[in-house]
Amino acid sequence: MVDLKGQYLRVKSEIDAAIMQCLESTSFINGPAVQSFQKNLESYLGVQHVIPCANGTDALQIAMMALGLKPGDEVIVPAFTYVATVEVIALLGLNPVMVDVDPNTFNLTDEIVERAITAHTRAIVPVHLFGQSTNMEPIMKVTEKYNLSIIEDNAQSIGATYTFTDDRCVKTGAIGDIGCTSFYPSKNLGAYGDGGAICTNNQELANKLRMIANHGQSEKYYHRYIGVNSRLDAIQAAILDIKLKYLDEYATTRQKVAAYYDEAFAEIELLQIPVREPNSTHVFHQYTLIVGEGLRDKLKNFLHERGIPTMIYYPLPLNEQEAFKGRGRKVGDLLITKELCQSVLSLPIHTEMNEEQLSYIADNVREFFQKMV
Ligand SMILES: *Cc1c(COP(=O)(O)O)cnc(C)c1O
């Protein structure tokens, strides 16, 4: 599914030198490497404040803590996403309100959000799934109307750009009140270990986020909030600073892979290729197909036998996970989420794929469907 070794080898000399420099400097926590990455990420995202932290899950947790949400407050979140989003809501004693997603883009819509709002709703977490932005403008009209905070889960879509109707282009993560991202190795901007970041354009929130990420400390040994210990390693920051320079190039490579697949599968009626959200670029964290007529698992097995890895993101709606039974509530029957969990299949997509791999995968997918008809 990924080729982290191949990607490393292309930037090895730069990365190795940066790591050596960190070792020599011995400033392993914060220090110049973290500050440099923070500044460069701020300018890349076009956001005023980036607060680096230990991982994407912490980023989401710290964001919810900084908004001052109280036990019992409701946070609207899609049921079709990675567990972290709902987990932190539950962990803080808040009520996750799990909602369906759009069947084409896999993201929240304004209608879905509005239907879920009650007097207890305080925030929503749009997850920009698989590499493209949620259609934020209509959602922001709803959140303004009800005075709700927006925490973007941008773990999968760093580098994507959303265009508003007035032609304003904003990078995902810099749209809502707070944006959260992850530098888990397989993410589009991946570290060589764990890492994450929080961003905001609000100075007051930025101060609070920064304090909470560091034991709620306002100055050394003076604690204003109950916080956590969540720091980005200097070594990871040094690696990320280098990879950030290549992030747009990485996205272009992923888009080329997606275009290849799109063309190869265009004629297969039982496959739905990824639908593009018209207002967003797509950085293809995943290339996710919808497989018709209950053939998903058969296709997965067929490809597995030919040595082609595939993944199911995600096999079970979050509201049906054992851990969340009796937690929060769901809105409606979440039939789309249920259906997607039965029919989605993600193909290998990464920065190191070559023509030979692509044609082998495409040929085998086509062969499977030729046999089916
Ligand atoms: C990866 C991911 C996270 C969590 O990131 P970690 O760095 O692994 O904690 C959160 N949300 C989504 C949608 C993700 O894909």
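Here region 319-343 is the region considered, the condition is being hydrophobic (A, V, I, L, M, F, W, C) and touching a helix residue (DSSP H, G or I) at 6+ places or on another chain (Cβ under 7 Å), and the residue that is nearest to T118 (Cα to Cα) is V331.
For the structure I just gave you, tell me whether P71 is without any contact (Cβ under 8 Å) to a residue 24 or more places away in the chain and either assigned by TED's automatic domain parsing to the domain that holds A191 or surrounded by fewer than 24 Cβ atoms within 10 Å (Cβ to Cβ) (or both). The answer is yes for P71. When region 316-370 is filtered for residues that are on the phi > 0 side of the Ramachandran plot and either among the polar types (S, T, N, Q) or surrounded by 18 or more Cβ atoms within 10 Å (Cβ to Cβ) (or both), the ones remaining, listed by number, are G328, L334.
Look at I242 and say whether it is away from the ligand (no atom under 16 Å from the Cβ) and touching a residue at least 24 places away in the same chain (Cβ under 8 Å). Criteria met by I242.
Entry remark, region 67-126: residues being within 21 Å of I212 (Cα to Cα) and charged (D, E, K, R) number 4 in total.
Tell me, please, whether a residue that is β-branched (V, I, T) and away from the ligand (no atom under 15 Å from the Cβ) can be found in region 43-59. Yes, some residue in region 43-59 is β-branched (V, I, T) and away from the ligand (no atom under 15 Å from the Cβ).
Between I112, I62, the distinction of being touching a strand residue (DSSP E or B) at 6+ places or on another chain (Cβ under 8 Å) and within 19 Å of V331 (Cβ to Cβ) belongs to I112 only.
If I ask for residues that are farther than 22 Å from F368 by Cα and among the basic types (K, R), which ones from region 273-327 would you list? Within region 273-327, R276, K325, R327 qualify.
The residue pairs whose first member lies in region 119-135 and is over 15 Å from G159 (Cβ atoms), whose second member is basic (K, R) and within 12 Å of the ligand (Cβ to nearest atom), and whose beta carbons are closer than 7 Å, counting only pairs six or more residues apart or on different chains, do not exist in this structure. Restricting S149, S186, S182 to those that are more than 13 Å from the ligand (Cβ to nearest atom) and polar (S, T, N, Q) reduces the list to S149.
When restricted to residues that are in contact with a Lys or Arg (Cβ under 9 Å, 6 or more places away or on another chain) and surrounded by fewer than 16 Cβ atoms within 10 Å (Cβ to Cβ), region 125-146 contains 0. Inspection of region 159-168 identifies at least one residue that is surrounded by 19 or more Cβ atoms within 10 Å (Cβ to Cβ) and in a loop (DSSP other than H, G, I, E, B).
Of all residues assigned to region 218-233, at least one qualifies as being over 16 Å from I158 (Cα atoms), crowded, with 21+ Cβ neighbours inside 10 Å and over 20 Å from the mean Cα position of the chain (by Cα). Looking at P103, is it away from the ligand (no atom under 16 Å from the Cβ), part of a loop (DSSP other than H, G, I, E, B) and surrounded by fewer than 24 Cβ atoms within 10 Å (Cβ to Cβ)? Taking the combined requirement at face value, the residue satisfies it.
Annotation note: Cβ proximity below 6 Å between a residue of region 340-358 that is among the small types (G, A, S) and a residue that is in a loop (DSSP other than H, G, I, E, B) (sequence gap 6+ or interchain) occurs for S346/Q286; S346/Y313.
The values are calculated or read from the model by the stated rules, or taken from the named source; none is laboratory data. All values reported here derive from a predicted model rather than from experimental measurement. No Cβ is skipped: glycine too gets one built from the backbone with ideal geometry, and neighbour counts run over all protein chains shown.
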